[in-house]
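Novice: Encoded as structure tokens, here's the structure I'll be asking about.
Please treat every number below as a calculation from the coordinates, not as lab data. Just so it is clear, the structure is predicted and the values come from calculations on it, not from any experiment. Glycine also receives a Cβ, built like all others from the backbone with ideal geometry; neighbour counts cover every protein chain displayed.
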Amino acid sequence: METVKQVLSDKPWARWTALGFLAFAMFCSYIFMDILSPIKDLLQSTRGWDSTAFGTMQGSETFLNVFIFFLIFAGIILDKMGVRFTAVLSGAVMLVGATINWYALTDAFIGSSLDVWFTNHLNHIPVFEELGIAPFYEGMPASAKFSAVGFMIFGCGVEMAGITVSRGIVKWFKGKEMALAMGSEMALARLGVATCMIFSPMFAELGGDISVSRSVAFGVVLLMIALIMFIVYFFMDKKLDEQTHAEEEKDDPFQLKDLGKILTSSGFWLVALLCVLYYSEILPFQKYAVNMLQ
């Protein structure tokens, strides 16, 4: 009787370890996504942001993904380059954006050449300004503008990571505990929101010295760890492909006609509208309600 050789994904400890790396990376990214929500009042008192500046900056996270169609490009990158490359790329993009966001809130930014440039520029964004969806506006504090730039870049990375992690779970758990794995990953990621609500104010007020950049620095360190998690996953995933003697699993090549198939699908629009309704409720709540409850 021929013995079937087990590969890494057949071993429970290996596939759940791979899930752990992916889920913890998303946990870190969700912490950073709402890192400023619990300290909105401190941004007003120390950086001169009002609610409009805060909301505009927070809303910039989705700007490139939605209006410049980056999330579609991210899907194409994932199809063509595979999970490993896209995971590491998303981790790097998140870290770059978060670092910009952090610098915008440091004391070093105040009075710098960047401060002067952002004060004098990006006040009018044609078309987007008329539609009321511009990520900048005249009178917006320079630190909020630069922070919005970083948050837009971070948003590209975090949304790319979201679809990549789902694709990675399918690869490792196909024919096994896939639903449990996806639920576990999302539960841990959402726990990141609760974690940031607890620790962001704690770091901002550490030692009695108020510093909003300290909270953001905490998030940046976590995103460094997230990138390391993706890199470790990269080698695990590569080992899996070596054992199966196959190239990394990739989807069919992207073709422009595929967009037509998606956009004419009633199921796609139903799911999309459900997501729009959900996120239009929960995201503003997370951004604004924390300060209101405080």
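Novice: Quick one: Cα centre-to-centre distance for the range 175-246 and the range 43-110, in angstrom?
Specialist: Result: 16 Å between the Cα centres.
Novice: Quick one: Cα convex hull volume of the chain, Å³ per residue?
Specialist: Per-residue hull volume (Cα only) is 156 Å³.
Novice: Within a 10 angstrom radius of the beta carbon, how do Thr244, Thr56, Thr99, Thr264 rank from fewest other beta carbons to most?
Specialist: Going from least to most buried by this count: Thr264, Thr244, Thr99, Thr56.
Novice: Provide Tyr30, Tyr103 in ascending order of the number of other Cβ atoms located within 10 Å of each residue's Cβ, fewest first.
Specialist: So the residues, fewest neighbours to most, are Tyr103, Tyr30.
Novice: Want the number for Asp209 to Ala194: 0.36 nm per residue separation, take away the alpha-carbon distance, what's left?
Specialist: Length difference between fully extended and current span is 3.0 nm.
Novice: To the nearest 10 degrees, how steeply does helix 212-244 sit against the main Cα axis of the chain, on a 0 to 90 scale?
Specialist: Its long axis makes an angle of about 10 degrees.
Novice: For the range 119-124, take each phi angle, set θ = phi - 60°, evaluate the Karplus expression 6.51 cos²θ - 1.76 cosθ + 1.60, and give the result in whole Hz per residue in order, putting x for glycine and proline.
Specialist: Once θ is set to phi - 60°, the couplings for the range 119-124 become 5, 8, 10, 6, 8, 10 Hz.
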